[in-house]
């Protein structure tokens, strides 16, 4: 009798241990099933990976007339819960906001608590189904559970995926309606890629970039440091502001790389400092990184067939309409272009062209390449309309001809009264999110394609000389690269007057190339000693960017063309090819592993993917005599992130769990045959344990 009880106990313990061990190793258990097999409809959530705080996700539902959907609600909840269906008039209790699984407060200030759609009866049966959107966030939220009063905590970040639970209420059989949960795992992007790489690499580079490069740098940083044989730590620390700050920091020597699409071009004249603290252009080479595009995009939305707000689609604008929109704002546009725009875009019958909001026609106030490219394009193609409106509203500037402007905030003549300027995308996001569900209309903004995709904006197609409305696609952007004009420093700039045969692939006219502006002189510290590790990192980083990195581009970027790849190789070969007169050789690099991948060149590329980088060569100013008044980038302490230690501990625990499982299974086998070992024999086998 005792043996049978022991057998049952061992069986229970063994099964529990096996489940725990399999969970530790990442093997799916039944509670992790994401969708009930009984759901007669389909639900999809996009995007669902690399989620960032404030990300807009789309929830799509499709069904048939035999299984109509009446309502759907969505909210962020705890992952790993076996959410249950319900035959009642509300979802099951495990979905209650503010109880055990789902918070009743947003996980961040950029996210929604809950969203839904109660008008799906007809729309969800149409081709493509019906969609509604939700802003999801990352962070930590705590709340007392309604049912127990006990404190609850939910963390959603790159270490802790969360669940977007979509409860769908619909007909599962004639006369039978049920709530069925659909659970989509949301995985989050690393907020701090330097920490995600285990801290900064020895000799870490200091760089700066416009805000549009943020996703590109994060993707590349996390991918490059995880390649086989890569250096230990992140190659660079990067600050994100505007193109002028990046180029000025590079000119002063405070930065090792500046990211820009215009570089030292004479028109925008970036990197020259200010009147009180002028700077000279630093000897450099421009390495093409990826192809992007200046776009005019529209956010918010129009009334859909289910009376809910849906995004604008297939928006088309003429060059005349663009000129009116940005030179005079909504009033000028509506006075001259209202009917022609409505003829092209009948969807605006269901929404105002411009909604009443703090941003109606928006643009980045500080220096940005897209400002230069759009204003240059309109100056060249629409000279008669690219003028300040001749009305009293514009005071002494009325009637003045506009030119090309790198920064809307300091343009002369100004754009006051026409364009609503902002200093960062966070302002635009807040404006978009502040609109109510029944506020239908457009919020227009000048930005770039990668940013527009990240923010969920609808990009307008622009009419060209052939009367074709061209959208920025990989094909039209590649076609545009071939029409660009080369500059003295080896970059390509858009040609506003470029045209092609009507039968050819039509180029998108505002396509541009983003570059890394890198020094041709060797990197040195404040004593003019060579920064050997930093020099090697610079070559490794740029060789990675133009090779493996091309497969890690954010949505909106197009890969380099073959010609641009060739240009990149030539540019990388020039990095570090010049030696300062004061140069003192830096400490040599210890080579711990053969170099892997990444090409060669004077910049040190193709060499340093080993984890042993000279710890005495640190990042810092490149010039022996940096410009006075330059603020050097903050040097962050190298620190192994906590998640690295937790990952190791979890692996050890899982390994121990498997040993326990096999031990228990052995005991079960012996119990089944009636040959249970005595306690004394167990002690002897375990070396006297327990004596």
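The values are calculated or read from the model by the stated rules, or taken from the named source; none is laboratory data. Values in this document were obtained by computation on a predicted structure and should not be read as measured data. When we count neighbours, we look across all protein chains shown, and the Cβ atoms used for this are built from the backbone with ideal geometry, even at glycine.
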Taking segment 301-329 only, how many residues are closer than 21 Å to residue 434 by Cα and surrounded by 24 or more Cβ atoms within 10 Å (Cβ to Cβ)? 1
So which of 340, 320, 356, 376 ends up being touching a residue at least 12 places away in the same chain (Cβ under 8 Å), assigned to a loop (DSSP other than H, G, I, E, B) and out of contact with any strand residue (DSSP E or B) (no Cβ under 7 Å at 6 or more places or on another chain)? 356
Consider segment 228-244. How many of its residues are in contact (Cβ under 8 Å) with a residue 40 or more places away in the chain, surrounded by fewer than 23 Cβ atoms within 10 Å (Cβ to Cβ) and over 14 Å from residue 196 (Cβ atoms)? 4
In this structure, is residue 131 within 29 Å of the chain's Cα centre (by Cα), in contact (Cβ under 8 Å) with a residue 60 or more places away in the chain, crowded, with 18+ Cβ neighbours inside 10 Å and assigned to a strand (DSSP E or B)? yes
Matching option when the condition is modelled with pLDDT of 95 or more and either surrounded by fewer than 23 Cβ atoms within 10 Å (Cβ to Cβ) or not in a loop (DSSP other than H, G, I, E, B) (or both), among 271, 263, 203: 203
If residue 152 satisfies all but one of (1) over 27 Å from residue 426 (Cα atoms); (2) touching a residue at least 60 places away in the same chain (Cβ under 8 Å); (3) part of a strand (DSSP E or B), what's the number of the condition it fails? (2)
Out of (1) assigned to a strand (DSSP E or B); (2) out of contact with any helix residue (DSSP H, G or I) (no Cβ under 6 Å at 6 or more places or on another chain), the odd one out for residue 287 is which? (2)
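Residue-by-condition table, conditions (1) touching a strand residue (DSSP E or B) at 6+ places or on another chain (Cβ under 9 Å); (2) farther than 30 Å from residue 587 by Cβ; (3) outside the structural domain of residue 231 (by TED's automatic domain parsing); (4) assigned to a loop (DSSP other than H, G, I, E, B):
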position: 479; (1), (2), (3), (4): yes, yes, yes, no
position: 483; (1), (2), (3), (4): yes, yes, yes, yes
position: 503; (1), (2), (3), (4): no, yes, yes, yes
position: 509; (1), (2), (3), (4): yes, yes, yes, yes
position: 513; (1), (2), (3), (4): yes, yes, yes, no
position: 533; (1), (2), (3), (4): yes, no, no, no
position: 538; (1), (2), (3), (4): yes, no, no, no
position: 550; (1), (2), (3), (4): yes, yes, no, no
Tell me, yes or no, whether segment 298-309 has at least one residue that is closer than 17 Å to residue 374 by Cα and assigned by TED's automatic domain parsing to the domain that holds residue 471. yes
I'd like the residue in segment 134-143 that is touching a strand residue (DSSP E or B) at 6+ places or on another chain (Cβ under 6 Å) and assigned to a strand (DSSP E or B) and, out of all such residues, is farthest from residue 51 (Cα to Cα). 143
Looking only at segment 411-423, decide whether some residue is closer than 16 Å to residue 353 by Cβ and either out of contact with any helix residue (DSSP H, G or I) (no Cβ under 7 Å at 6 or more places or on another chain) or in the same structural domain as residue 50 (by TED's automatic domain parsing) (or both). yes
